[in-house]
């Protein structure tokens, strides 16, 4: 069983922001396999929108924490504990301000590198032994905007097409990881 979590912030206000590319990528993955997954349901118990399904006979839970980014670990811990999912079977999809816009990086057992949502997951589940699908959002615009303000800005039209292409790549990377393994996905997409 796998738990695939898109990180982001709940609410309409945050939908089109850089910090929500994890939600956007998870939604794209779900829609590409729509016949394999149920609709999202809000779960107070898990503090997340979740849906269940299967891909190639493996049960998969998709989750979008509704705790806001910096508390994402609460939802991940609740879901993984209830379903008895091992940390190595937890996959996070999230924005990464250290990677150039449009670049993806798949990592395993890596530090949070300043990402507060990822740090929350590490703190709550007590390990960094999970897989991360990171989406680069570092633009070349030389603005002096603090990181916490930049990630909450709307994705501008100029960058939107590249983000859509990157999300399609993440979907392909997820498919490769599910069919051939995370190492193969790293080899193909990093």
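Considering Cα pairs under 8 angstrom that are at least six residues apart, work out the relative contact order of the chain and quote it in whole percent. Relative contact order for the chain comes out at 25 percent.
For region 67-143, the spherically averaged projection of the C-alpha convex hull amounts to 5.1 nm². For 137, 104, the sequence from fewest to most other C-beta atoms within 10 Å is 104, 137. Which angle from 0 to 90°, rounded to the nearest 10, does the C-alpha axis of helix 157-180 make with the longest principal axis of the chain? Roughly 30 degrees, rounded to the nearest 10. Sorted fewest first by neighbouring Cβ atoms within 10 angstrom, 121, 171 come out as 171, 121. Roughly how many Å is it from the Cα centre of region 134-190 to that of region 26-77, as a whole number? Answer, in whole Å: 19.
How big is the Cα convex hull of the chain in projection, averaged over all directions, in nm²?
9.8 nm²
If you take every DSSP beta bridge whose two residues both sit in the chain, what share of them, in percent to the nearest 5, is antiparallel? Here the antiparallel bridges make up roughly 55 percent for the chain. If R0 is 35 Å, the Cβ-Cβ spacing of residue 157 and residue 84 corresponds to a FRET efficiency of close to 0.20.
Residue exposure proxy: 149, 96, ordered by other Cβ atoms within 10 angstrom of their Cβ from fewest to most, comes out as 149, 96.
Tell me, what does the Kirkwood hydrodynamic radius of region 23-81 come to in angstroms if you use every pair of distinct C-alpha atoms?
This gives a value of 11.8 Å.
Extension gain, residue 58-residue 44: 0.36 nm per intervening residue step, less the Cα-Cα distance, totals 2.5 nm.
No lab work stands behind these numbers, since they all come straight from the coordinates. Predicted model, so just to flag it, every value in this text is computed and none were measured. Positions of Cβ are generated from backbone atoms using ideal geometry, with glycine treated the same way; all protein chains shown enter the neighbour counts.
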